[in-house]
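Structure first, then comments.
None of the figures in this text is laboratory data; all of them are computed from the coordinates on show. Nothing here was measured: the structure is a model prediction, and the numbers come from that model. Glycine gets a Cβ as well: all are built from the backbone with ideal geometry, and neighbour counts include every protein chain shown.
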């Protein structure tokens, strides 16, 4: 090869590369007709070999995808759920991130600020964007778009932290479901406290949920300042929420010693029959049924939170899971194809049928299966989800890594000390520097 | 190897200065310590002077992290709780370990078997120990303690949810896990004391208490110094048992400086301030160990 031909060749290669780089964003994989292939790494809190309903469905979706695309290997790398976002951001910086990652909606803004998520509109197929996205729940989908960039897809639309209750315990006091206003709810919870069983169990030591916020949602979305995303911790709504907890404790509906219970502790104790009602993560409903020991699993049911005044029953849709893609993924095409498969109509129906979850695709709700008795749980979730009291956390909540621990310390003081609620909430506000 | 080359090698080995041999032996360990401890420690100090949140380095802030840390009343309370946990645990673990070591020496072979059994908690991961005790202390029918109490007609006690009882409970679990380690060091220390001294003491008519005060304790101080130093560092930095048992609660009654570091650095993801806490913890550890060396360091073997 002569020097001149080498120069020509190099120039041609550079020109071709430049043309490809310019054209790439406008040419989607569908147009290229590429078949998914290669490896896709997924980080999630679920185990590849887990036996929970969600884990079994997820495994079956992976197997189905691999069967459709024999050249693809999907590898699940299980991570502690509270570390998914931090580990992912670190991994992106070190260019060893997985292709897909499960993220909590409340952490999305932090991950976006670290430029750690790909723009999914560049990766999803036109068919998916045309058919699937409008078929998903708008309130969740909208929250994943930051400055016009779609950074994730929300999974398992659900009321997140809901009230689980035992129909048998409600039946003892002549009720079929928990009252949906706080005064009546407090009264019912107090009447259900019998022997070692308390009317209501609340997680008080969790760094990703706060019962105090859930109680405040009884005032509606106005609890979050529209401009800052903050809660007014010394305002009348927060004080009313604190007073509500005090009443629950005073009426012995909530145990005064329930001071360092995490969500899992509440789940275990509820299963053992220690509570008639409890705050719980809605997508775990089937798990609660499976581990029920202190009551009949068929007596388990789900309710919205009570509200204040004449507000509709409160349903806080979060924290919930979303799935994002690494900007450094070497196999975005296949990763996107797998991501789409998780949100297909078939997958949505499977999540509902096998894990009692509300389908991600709204149109699936018209499937005849939802008229059957076994669909009652998913149908109940769906009713909460589309109810007038449903709301989400703001897209950006300041101090999201601190707010739950600070408010849970406040909740512990409200339950376990005689300090004035106003002082406790002022301390929480001061700790957050708000 | 044989012949002139082998002879030359042996001669070189023979004339190599002993310092070089020692350095060669120490070098691998030193490299590991530098890589795993020293360099991260320097980086930690560097990070404590920067605003780092959620893996984003927002720049140099001087001592701002330390100023903010000490402006927060929680910090001094956490230091106080760390000292309560540390010295509370030492006050129980060390005498218990001394008694155990004396007993084990007396029991001979049976004592060594007993010591092996006692060492099981030390071999367990602290987080496993915490979860184990959480189940034992569960204030419901499934809890072992509740079951024992029910035999006496007593209601379950929620030790971990009581702000007054949580810290003593955490201390008790910490001691349960570690005191056998102290006992094994002290047992070895007792083995170093010449038996002749005790025979001479018997001839002089010294009582058991006098033998302990005049022979055992003074000659055991080097081992005690090791035990105190190791346990102080261990207790002051303890976090896994607290995470597993109480998550720093109830109402922050078990939020020690170690737990505050975990919460600030790993939950709140304020890594700059978390490193500032780590620096403060390092300095307090250093002060405590220096105090022990000053107090006990000169007494060994007198």
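On C-alpha positions alone, give me the angle between the axis of helix A:53-68 and the longest principal axis of chain A, in degrees, nearest 10.
10
Provide the descending list of Cα extents for the range B:52-119 along its principal axes, expressed in whole angstroms.
Extents along the principal axes, in whole Å: 61, 26, 16.
Ranking A:392, A:209, B:61 by Cβ neighbours within 10 Å, fewest first, what do you get?
Listing A:392, A:209, B:61 from fewest to most nearby Cβ atoms yields B:61, A:392, A:209.
Across peptide B:261-274, what mean number of C-beta atoms from other chains lies inside 10 Å of a residue's C-beta? Let's see the in-between values first.
Values: counts 0, 0, 4, 2, 0, 5, 9, 8, 8, 3, 1, 0, 0, 0.
Average per residue, whole number: 3.
Would you work out the Kirkwood radius for the protein assembly as shown? I mean one over the mean of 1/r across all pairs of different Cα atoms, in Å.
Answer for the protein assembly as shown: a Kirkwood hydrodynamic radius of 29.7 Å.
Take the alpha carbon gyration tensor of the range A:294-434, find the square roots of its eigenvalues, order them as a ≥ b ≥ c, and report rounded if a/c is under 1.5; if not, report prolate when a/b exceeds b/c, else oblate. Present the calculation step by step, with values, prior to reporting the outcome.
On the way: a/c = 2.58, a/b = 1.41, b/c = 1.83.
In terms of gyration-tensor shape, oblate.
Give me D for the range A:369-423 in µm² s⁻¹, whole number, from Stokes-Einstein with Rh from the Kirkwood sum over alpha-carbon pairs, 4 °C and 1.567 mPa s. Numbers along the way, then the final one.
Working: Rh = 15.0 Å.
The calculation lands on 86 µm²/s.
For B:170, B:98, which order do you get if you count the other beta carbons within 10 Å of each Cβ and list the fewest first?
B:98, B:170
How many percent of DSSP beta bridges within chain A run antiparallel, rounded to 5? Intermediate results must be reported in sequence, preceding the final value.
Working: 22 of 37 bridges.
Around 60 percent of the beta bridges assigned by DSSP in chain A are antiparallel ones.
Compute the angle between helix A:3-23 and the longest alpha-carbon principal axis of chain A, please, reported from 0 to 90 degrees and rounded to the nearest 10.
For helix A:3-23, the angle is close to 30 degrees.
What is the spin-label model distance, in nm, from residue B:64 to residue B:23 if the labels are put 7 Å beyond Cα along the C-beta direction?
It works out to 4.5 nm between the two label points.
Pairing the Cα long axis of helix A:376-385 with the longest principal axis of chain A, what angle in degrees results, from 0 to 90 and rounded to the nearest 10?
Helix A:376-385 and the main axis of chain A meet at about 90 degrees.
Go ahead and estimate [θ] at 222 nm for the protein assembly as shown from helices alone: -39,500 (n - 2.57) per DSSP H run with n ≥ 4, summed, over the residue count, rounded to 500.
The per-residue figure over the protein assembly as shown is -16500 deg cm²/dmol.
In nanometres, what is the gap between the two model label sites at residue B:83 and residue A:37, each 7 Å from Cα along Cα-to-Cβ?
6.8
In Å, what is the Rg of the alpha-carbon atoms in the range B:67-296, and how long is Dmax?
Answer for the range B:67-296, Rg first and Dmax second: 20.4, 66 Å.
Pairs of alpha-carbon atoms within less than 8 angstrom and 6+ residues apart define the contacts here; what relative contact order does chain B have, in percent?
Numbers: 337 pairs, mean separation 81.9, N = 302.
Taking the mean separation of contacting Cα pairs over the length of chain B, I get 27 percent.
Starting with the fewest neighbours, write out B:292, A:165 ranked by other beta-carbon atoms found within 10 Å of each beta-carbon.
B:292, A:165
Assuming a viscosity of 0.692 mPa s and a temperature of 37 °C, what translational diffusion coefficient in µm² per second does Stokes-Einstein assign to chain A, Rh being the Kirkwood radius over Cα pairs?
Details: Rh = 23.3 Å.
Calculated translational D: 141 µm²/s.
Any idea how far the Cα center of the range B:81-96 sits from the one of the range A:115-178, in Å?
49
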